[in-house]
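Trainee: Before we start, here is the structure in question, set down as structure tokens.
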Protein chains: 2
Amino acid sequence: MTEPLLRDILQNHGLKATSQRLTILDYLMTHETHPTAEMIHADLTTISLATIYNTLEKLVDVGIVIVIDTQKDGKRHYDFYGEPHYHIINSRTNEIIDADNFDVKPLFEAARQASGLNITGFHIEIYGVDPDDAK
Amino acid sequence: MTEPLLRDILQNHGLKATSQRLTILDYLMTHETHPTAEMIHADLTTISLATIYNTLEKLVDVGIVIVIDTQKDGKRHYDFYGEPHYHIINSRTNEIIDADNFDVKPLFEAARQASGLNITGFHIEIYGVDPDDAK
DNA sequence: AAATAGATTAGAATAATTCTAAAGAGGGAA
DNA sequence: TTCCCTCTTTAGAATTATTCTAATCTATTT
């Protein structure tokens with residue numbers, strides 16, 4: 001991704017555009033691997049692990065990135081959240097697939113009715129298994 | 001809850017009905033607090049923390065209990081999952097509300113189409129804020 | 001260019017969770 | 001009922017993902 005645009009994304013969300021943040025954001029936008037902090041650090045070795053964590057926290061706070069806890073490996077996975085989407089997780093392989101072929105408006109309305117809250121976001125994980133996996 | 005039924009729940013899922021498991025399952029079924037392992041241990045002091053963790057893992061494996069990661073306190077919260085439902089989380093207070101006024105069939109069908117997997121379960125967390133909270 | 005609020009860093013600290021290996025107990029078989 | 005075997009429980013140690021510290025650096029504003 002071109003640098004000026006990444007810069008704008010950060011600044012539009014009130015974050016200083018440091019070189020580390022530009023690098024990490026670019027990494028997240030160009031990888032569909034749903035990486036952990038450690039995985040990012042393994043690829044971006046010049047950035048300290050503390051900065052990886054700090055930056056991810058900021059990006060999550062402003063809503064650019066979301067956290068997925070697959071609850072299988074005890075680590076948090078991070079996902080660039082440019083367009084709202086949901087996740088389909090293969091229970092055998094733990095592979096995470098992004099999907100957006102579902103309209104969340106009815107769900108939001110149901111949640112508003114049930115809680116009285118103004119709905120601000122959602123996380124959806126759907127679990128499945130390969131049809132030809134034995135049982 | 002009456003003991004024989006708890007026993008059946010465990011045995012129907014292939015788990016031995018130990019007294020610790022009966023106690024923990026009863027606790028989960030009678031508390032809507034979405035407790036952490038530590039919270040359960042604080043109330044059931046005679047059961048070791050390792051057993052709390054071991055038991056929760058088993059209950060999650062067989063699908064009686066699910067994990068909610070609110071991603072706010074770094075701890076896993078556990079929820080008896082007798083009837084499928086989704087969660088509405090107040091972003092200010094981190095309160096977790098159970099709700100079931102939503103039909104997941106269309107979502108399951110969308111996920112099946114997107115992934116080709118046989119869908120086995122779901123986790124949905126909807127985030128919201130109190131309408132009269134300032135901004 | 002200077003000022004400053006915020007960011008980065010290495011390394012230490014924290015704490016949730018998992019592991020170990022020894023002792024105990026369900027539940028099926030006879 | 002009693003035996004037996006496999007699975008469970010336990011205390012405490014170990015692990016490790018994440019957070020903290022406090023010193024140094026830098027992006028942005030004036």
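The values are calculated or read from the model by the stated rules, or taken from the named source; none is laboratory data. Keep in mind it's a predicted model, so treat the numbers as computed, not measured. No Cβ is skipped: glycine too gets one built from the backbone with ideal geometry, and neighbour counts run over all protein chains shown.
Trainee: Restricting attention to the range B:28-48, which residues are outside any helix (DSSP H, G or I) and either closer than 24 Å to B:Ile97 by Cβ or among the charged types (D, E, K, R) (or both)?
Mentor: Result: B:His31, B:Glu32, B:Thr33, B:His34, B:Pro35, B:Thr36.
Trainee: What's the number of the condition B:Thr51 fails, among (1) closer than 30 Å to A:Asp103 by Cβ; (2) assigned to a helix (DSSP H, G or I)?
Mentor: Only one criterion in (1) closer than 30 Å to A:Asp103 by Cβ; (2) assigned to a helix (DSSP H, G or I) is unmet by B:Thr51, namely (1).
Trainee: Being within 11 Å of DNA strand C (Cβ to nearest atom) and small (Gly, Ala, Ser) is the filter; apply it to the range B:43-70 and report the residue that is farthest from the other protein chains (Cβ to nearest Cβ).
Mentor: It comes out as B:Ser48.
Trainee: Still on this structure, I have one more. For A:Gln113, all conditions in the list (1) more than 22 Å from B:Gly74 (Cα to Cα); (2) within 18 Å of the chain's Cα centre (by Cα); (3) not basic (Lys, Arg) hold save one; what is the number of the exception?
Mentor: The number of the failed condition is (2).
Trainee: Now for a separate question. Would a scan of the range A:71-85 turn up a residue that is surrounded by 14 or more Cβ atoms within 10 Å (Cβ to Cβ), closer than 21 Å to B:Leu117 by Cα, within 12 Å of DNA strand C (Cβ to nearest atom) and among the polar types (S, T, N, Q)?
Mentor: yes
Trainee: Which members of the range B:55-66 meet the condition of being without any contact (Cβ under 8 Å) to a residue 24 or more places away in the chain and either crowded, with 16+ Cβ neighbours inside 10 Å or touching a helix residue (DSSP H, G or I) at 6+ places or on another chain (Cβ under 9 Å) (or both)? Walk me through it before giving the result.
Mentor: Here is the first cut: in the range B:55-66, the residues without any contact (Cβ under 8 Å) to a residue 24 or more places away in the chain are B:57, B:60-61.
The one that is without any contact (Cβ under 8 Å) to a residue 24 or more places away in the chain and either crowded, with 16+ Cβ neighbours inside 10 Å or touching a helix residue (DSSP H, G or I) at 6+ places or on another chain (Cβ under 9 Å) (or both): B:Val60.
Residues are listed down the side, and each one gets a yes or a no for (1) in contact with a helix residue (DSSP H, G or I) (Cβ under 6 Å, 6 or more places away or on another chain); (2) within 14 Å of DNA strand D (Cβ to nearest atom):
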site	(1), (2)
B:Glu32	no, no
B:Ala50	no, yes
B:Thr93	no, no
B:Phe102	yes, no
B:Leu117	no, no
B:Ile126	yes, no
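Trainee: Shifting gears a bit: When the residues of the range A:13-27 are narrowed to those that are outside any helix (DSSP H, G or I) and closer than 19 Å to A:Asp79 by Cα, which ends up farthest from DNA strand C (Cβ to nearest atom)?
Mentor: Kept after step one, since they are outside any helix (DSSP H, G or I), are these residues of the range A:13-27: A:13-18.
Then drop every residue that is not closer than 19 Å to A:Asp79 by Cα, which leaves A:13, A:15.
On the way: A:His13: 10, A:Leu15: 5 Å.
For the range A:13-27, the residue satisfying everything is A:His13.
Trainee: Against the definition (touching a helix residue (DSSP H, G or I) at 6+ places or on another chain (Cβ under 6 Å), within 11 Å of chain B (Cβ to nearest Cβ) and not in a loop (DSSP other than H, G, I, E, B)), how does A:Ile97 come out, yes or no? Let's see the steps before the verdict.
Mentor: Numbers: touching a helix residue (DSSP H, G or I) at 6+ places or on another chain (Cβ under 6 Å): yes; within 11 Å of chain B (Cβ to nearest Cβ): yes; not in a loop (DSSP other than H, G, I, E, B): yes.
Criteria met by A:Ile97.
Trainee: With respect to the numbered conditions (1) surrounded by fewer than 17 Cβ atoms within 10 Å (Cβ to Cβ); (2) in contact with a helix residue (DSSP H, G or I) (Cβ under 6 Å, 6 or more places away or on another chain), which one is the sole condition not fulfilled by A:Glu38?
Mentor: Of (1) surrounded by fewer than 17 Cβ atoms within 10 Å (Cβ to Cβ); (2) in contact with a helix residue (DSSP H, G or I) (Cβ under 6 Å, 6 or more places away or on another chain), only one is false for A:Glu38: (2).
Trainee: Here's a check for you: in the range A:100-135, which residue that is of a type in the set (Gly, Ala, Ser) and not in a strand (DSSP E or B) is farthest from the other protein chains (Cβ to nearest Cβ)? Full working, then the answer.
Mentor: Quick first cut of the range A:100-135, residues of a type in the set (Gly, Ala, Ser) only: A:110-111, A:114-116, A:121, A:128, A:134.
Next cut, not in a strand (DSSP E or B) only: A:110-111, A:114-116, A:134.
Details: A:Ala110: 4, A:Ala111: 4, A:Ala114: 4, A:Ser115: 4, A:Gly116: 7, A:Ala134: 12 Å.
Filtering the range A:100-135 for residues that are of a type in the set (Gly, Ala, Ser) and not in a strand (DSSP E or B), the one farthest from the other protein chains (Cβ to nearest Cβ) comes out as A:Ala134.
Trainee: For B:Val104, indicate whether it is in the same structural domain as B:His123 (by TED's automatic domain parsing) and surrounded by 14 or more Cβ atoms within 10 Å (Cβ to Cβ). First the steps, then the outcome.
Mentor: Working: in the same structural domain as B:His123 (by TED's automatic domain parsing): yes; surrounded by 14 or more Cβ atoms within 10 Å (Cβ to Cβ): yes.
So B:Val104 fits the description; yes.
Trainee: In this structure, is A:Ala37 of a type in the set (A, V, I, L, M, F, W, C) and within 16 Å of the chain's Cα centre (by Cα)?
Mentor: Values: of a type in the set (A, V, I, L, M, F, W, C): yes; within 16 Å of the chain's Cα centre (by Cα): yes.
Against the criterion (of a type in the set (A, V, I, L, M, F, W, C) and within 16 Å of the chain's Cα centre (by Cα)), A:Ala37 qualifies.
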